[in-house]
Every structure is written in C-alpha cells, then in structure tokens.
Amino acid sequence: MSKEQQMVMFWPTIEGLDAALDHGRSSKDFTAALKICEEHCRKHPQDAVGFAARSRVFTYMRMPARALADLDLSMALQGYDFVSDFAQRAALQMALERWPDAIQSWLTAISMDEEGWFETYANLQLADCYIAIGDLDAAERECAKASPTPPLPACRPGRLYVSAAILLEDITRLRGGATQG
C-alpha cells in the first residue's frame, strides 16, 4: 500500500486523534486519545502511525517508558529513519535517565540533520547528557558548538530549552569553581 493510500485509509483516525489530543492538552485527560490509539493499534498492528501516535499520547501522560517502547516499535515498522524520531527518542531516554542511550540518539539526530533544523538545541541537550554522566569535557565541547545564548532564569537542563550559558555555569560549579548568581 502506498503512503498516499495509507493516509487516506487512516485519515479519520488521525482527525479523531487530533481532536482528542486537543481536548487532552486542555483538560489533562488523555483517555479519549489513548482509546483511539489503542483501537487503531489493535486493528492495524503493522501500521507505524498508530504506534507513533500512541507514543505521543504516552508522552503527554508522562509515561516515558511506554512512550519509548511505542516509538521504537513505530520506528521499526516504518522501515526508514526520521531525524525527529531520534530526537524524540533521545528526549524520552533522558526522561528515563538512560544517558548513554540518549547520547547515542542525539548523536544520530545531529548526524542526520542536514538542514540544520535543530540549530543548537540538540547540541545543548547532548551537553546536558554528558553532564549527567560526568563527562564535563564533552559537555563543554557541545556547548562550544552552540551559539552564545543568554541564560533564562526559569530554564534548567532537561527542559524544552536550555542555554549554553546555564550549562557552562553548571560545568564550572561541578568542577568546583565559582559561578555568578
């Protein structure tokens, strides 16, 4: 079945899921979205779209282990790699504190990102992983690849966005040096 045929076949599921996810994000109740995904995965166990969607739902529900399992299954079923899948995998591995796996996933995402879509985000997340395993030199090298970004008071490593300045402050502190602030 072609990709176009799959999209036509699964469009009602995708539309229903999008509506259920919108409801879930506003109400914090993802029951309807999970039900749609469960039904889709049961009816179409070889369809990567259903498992990718259920992975998103589990991510919203803060169930990273289940989200990662479904993402890995989706990636295996689709038979080709997307840079965004590796970034999502890395973020889930970080949430599970699987630092070496997250490092490998970020390295893969960076190597696949020919368009520069991630800019410095992936390097900063990679630096965060290196800090977690105590490889401060590698963390510093990744920060050097990032353009200077000002520290934002509410941002800490592991959040959606982190600045190189905050990571460098953490590296200095971990090495026993003084930091400002």
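The values are calculated or read from the model by the stated rules, or taken from the named source; none is laboratory data. What you see is a predicted model, and the numbers here were worked out from it, not measured in a lab. Cβ atoms come from the backbone with ideal geometry, glycine included; neighbour counts cover every protein chain shown.
Considering each of Met75, Met94, Met61 in turn, give the residue that is within 22 Å of Asn123 (Cβ to Cβ) and of a type outside the set (Ser, Thr, Tyr).
Numbers: Met75 fails: within 22 Å of Asn123 (Cβ to Cβ); Met61 fails: within 22 Å of Asn123 (Cβ to Cβ).
One residue alone meets the criteria, Met94.
Yes or no: the stretch 109-129 includes at least one residue that is outside the structural domain of Ser55 (by TED's automatic domain parsing), under 20 Å from Ser55 (Cα atoms) and either touching a helix residue (DSSP H, G or I) at 6+ places or on another chain (Cβ under 7 Å) or not hydrophobic (A, V, I, L, M, F, W, C) (or both).
Taking the stretch 109-129 and keeping what is outside the structural domain of Ser55 (by TED's automatic domain parsing), we get 109-129.
Imposing the further condition that a residue be under 20 Å from Ser55 (Cα atoms) reduces the set to 109.
Still in the list and also either touching a helix residue (DSSP H, G or I) at 6+ places or on another chain (Cβ under 7 Å) or not hydrophobic (A, V, I, L, M, F, W, C) (or both): 109.
Scanning the stretch 109-129 turns up at least one residue that is outside the structural domain of Ser55 (by TED's automatic domain parsing), under 20 Å from Ser55 (Cα atoms) and either touching a helix residue (DSSP H, G or I) at 6+ places or on another chain (Cβ under 7 Å) or not hydrophobic (A, V, I, L, M, F, W, C) (or both).
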In the stretch 163-176, residues that are more than 15 Å from Cys129 (Cβ to Cβ), modelled with pLDDT of 90 or more and surrounded by 12 or more Cβ atoms within 10 Å (Cβ to Cβ) total 1
Residues of the stretch 47-70 being touching a Leu at 6+ places or on another chain (Cβ under 6 Å) and of a type in the set (S, T, N, Q), in sequence order, are Ser55
So, Phe82, is that one touching a helix residue (DSSP H, G or I) at 6+ places or on another chain (Cβ under 6 Å) and farther than 16 Å from Gly24 by Cα or not?
no
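How many of the residues in the stretch 15-31 are among the aliphatic types (A, V, I, L, M) and more than 13 Å from Arg54 (Cβ to Cβ)? Spell out the reasoning first.
Narrowing the stretch 15-31 to residues among the aliphatic types (A, V, I, L, M): 17, 19-21.
Filter once more, keeping what is more than 13 Å from Arg54 (Cβ to Cβ): 19.
Residues flagged as among the aliphatic types (A, V, I, L, M) and more than 13 Å from Arg54 (Cβ to Cβ) within the stretch 15-31 amount to 1.
Table: residues versus (1) farther than 23 Å from Asp85 by Cα; (2) among the aliphatic types (A, V, I, L, M); (3) surrounded by fewer than 15 Cβ atoms within 10 Å (Cβ to Cβ); (4) modelled with pLDDT under 90.
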position: Tyr121; (1), (2), (3), (4): no, no, no, yes
position: Asp128; (1), (2), (3), (4): no, no, no, no
position: Ala132; (1), (2), (3), (4): no, yes, no, no
position: Leu136; (1), (2), (3), (4): yes, yes, no, no
position: Pro151; (1), (2), (3), (4): yes, no, no, yes
position: Cys155; (1), (2), (3), (4): yes, no, no, yes
position: Tyr161; (1), (2), (3), (4): no, no, yes, yes
position: Ala178; (1), (2), (3), (4): yes, yes, yes, yes
Step by step: first the residues of the stretch 74-116, then only those that are within 14 Å of the chain's Cα centre (by Cα) and part of a loop (DSSP other than H, G, I, E, B), then the one that is modelled with the lowest pLDDT. Which residue is that?
Phe82
Restricting to the stretch 12-55, what's the tally of residues that are under 21 Å from Gly79 (Cβ atoms), of a type in the set (Lys, Arg) and surrounded by fewer than 21 Cβ atoms within 10 Å (Cβ to Cβ)?
1
Sort out which residues of the stretch 72-131 are β-branched (Val, Ile, Thr) and farther than 25 Å from Leu168 by Cα, and write them in order of number.
Val83
Please determine, by comparing only the residues of the stretch 138-149 that are surrounded by fewer than 19 Cβ atoms within 10 Å (Cβ to Cβ), in a helix (DSSP H, G or I) and among the small types (Gly, Ala, Ser), which one is modelled with the highest pLDDT.
Ala138
